[in-house]
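Below is one structure; the comments refer to it alone.
The values are calculated or read from the model by the stated rules, or taken from the named source; none is laboratory data. Quick caveat, the model's predicted, so the values are computed rather than measured. Cβ sites come from the backbone with ideal geometry, for glycine too, and all protein chains shown count toward neighbours. Protein only, heavy atoms only, side chains kept; ligands, DNA and RNA dropped before computing areas. Shrake-Rupley method; radii C 1.70, N 1.55, O 1.52, S 1.80 Å.
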Amino acid sequence: MNFHTLITHNPILAYLTSGALGGLVGGLLLLLIQTILKQGVAYHYKKKIKDFNHQYDEKLASFNEQIAIQAEYRKLDFDRKIHDFSLYSSKRHELYPALFKQIHQLEHVIRIADNTSFIHLDNLTSKDQILPLIKKIARLSNFKPLEMAIDEQIISKIQEFDPNENPNWNAFLGLIKDLLLNNIWMEIFKDIRLLDVFVSDNVFYFSEDVVSRVTDISHDLETISIGRNEISSEERESIRRKMQRNINELRLMIKKELTVGDYSPLENEL
């Protein structure tokens, strides 16, 4: 109902706004009614706006609180992931050089073991000279498997040797050398097994390509050491060349992985 309709349908208002009093009183009354109605409408809308603003402020405060909580959670989660990845990366930088060092040393040891001429016992004239000479050769050549090869069996053989009962001195020296070589290759095989255990224990830190390449190298090392009497010299040399290529490629793979880093796990989680 608008203002005009209100007046025309109300007999009192119609009377006051008609006739002689219509001029002054009607005008004042109309002004009063307009003012009251405007104030009522204004108050109503002000209250509505105030209530709306209050609800908006509450929702905004709650939203900001939730945003702050989520931001703090994301920050803590991100910091944790950065910390975990830093530990993971540091471990890789520790293990990869250790892995390559083991492989390089094994290849070097096998190369030395293939050339047995440095174990020269022919000039010895007494059994008491054998052990000191072997230890000296091991020390000067920095060939640890040779020193490790001196076991109780060899020591016992030397101590029990009697030149009166076994006049063939050269045959005895040949026997000692054969025992030494057999023990040397057994020590090398133990180191190959230690390499396999090292890879197995730390496989989480190595890429699949590296593990696959190391497996090939380990197999070739085993073939050259344990199966040395079952393959020809040509096959042995072919395996050695293949193994050397794999070692060179492994070195490049490790260098690349440590230089570039592996950020994919962290990116996927974030």
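Surface composition of the stretch 187-267: carbon and sulfur atoms hold 52% of the protein heavy-atom accessible area at a 1.4 Å probe. Beyond 14 Å, the tail of the calculated P(r) for the stretch 130-198 holds 64 percent of the Cα pairs. Average 1/r across all pairs of distinct alpha carbons in the stretch 98-230, invert it, and you get the Kirkwood radius: 16.5 Å. In terms of its C-alpha gyration tensor, the stretch 175-248 has an oblate overall shape, because the principal axis ratio a/c (a ≥ b ≥ c, square roots of the eigenvalues) is not below 1.5 and a/b does not outweigh b/c. Take the stretch 169-236 with all the other protein chains still there, run a 1.4 Å probe, and you get 53 Å² of accessible area per residue. Across all directions, the average flat footprint of the convex hull enclosing the Cα atoms of the stretch 178-217 is 2.9 nm².
Ranked by the mean number of other Cβ atoms within 10 Å per residue, highest first, peptides 190-202, 222-234 order as 190-202, 222-234.
Phi angles across the stretch 216-232 convert, under the Karplus curve 6.51 cos²θ - 1.76 cosθ + 1.60 with θ = phi - 60°, into 3J(HN,Hα) values of 5, 5, 4, 4, 5, 4, 5, 5, 5, 7, 6, x, 5, 8, 9, 10, 6 Hz, Gly and Pro given as x.
In order along the stretch 106-122, phi translates into HN-Hα couplings of 5, 4, 5, 5, 5, 4, 5, 4, 5, 9, 8, 5, 6, 8, 9, 10, 5 Hz, rounded to whole numbers, per the Karplus curve 6.51 cos²θ - 1.76 cosθ + 1.60 with θ = phi - 60° and x for Gly and Pro. Extending 7 Å from Cα along the Cβ direction at residue 162 and again at residue 62 yields two label points whose distance is 10.4 nm.
Rolling a 1.4 Å probe over the protein heavy atoms leaves residue 239 with an accessible area of roughly 40 Å².
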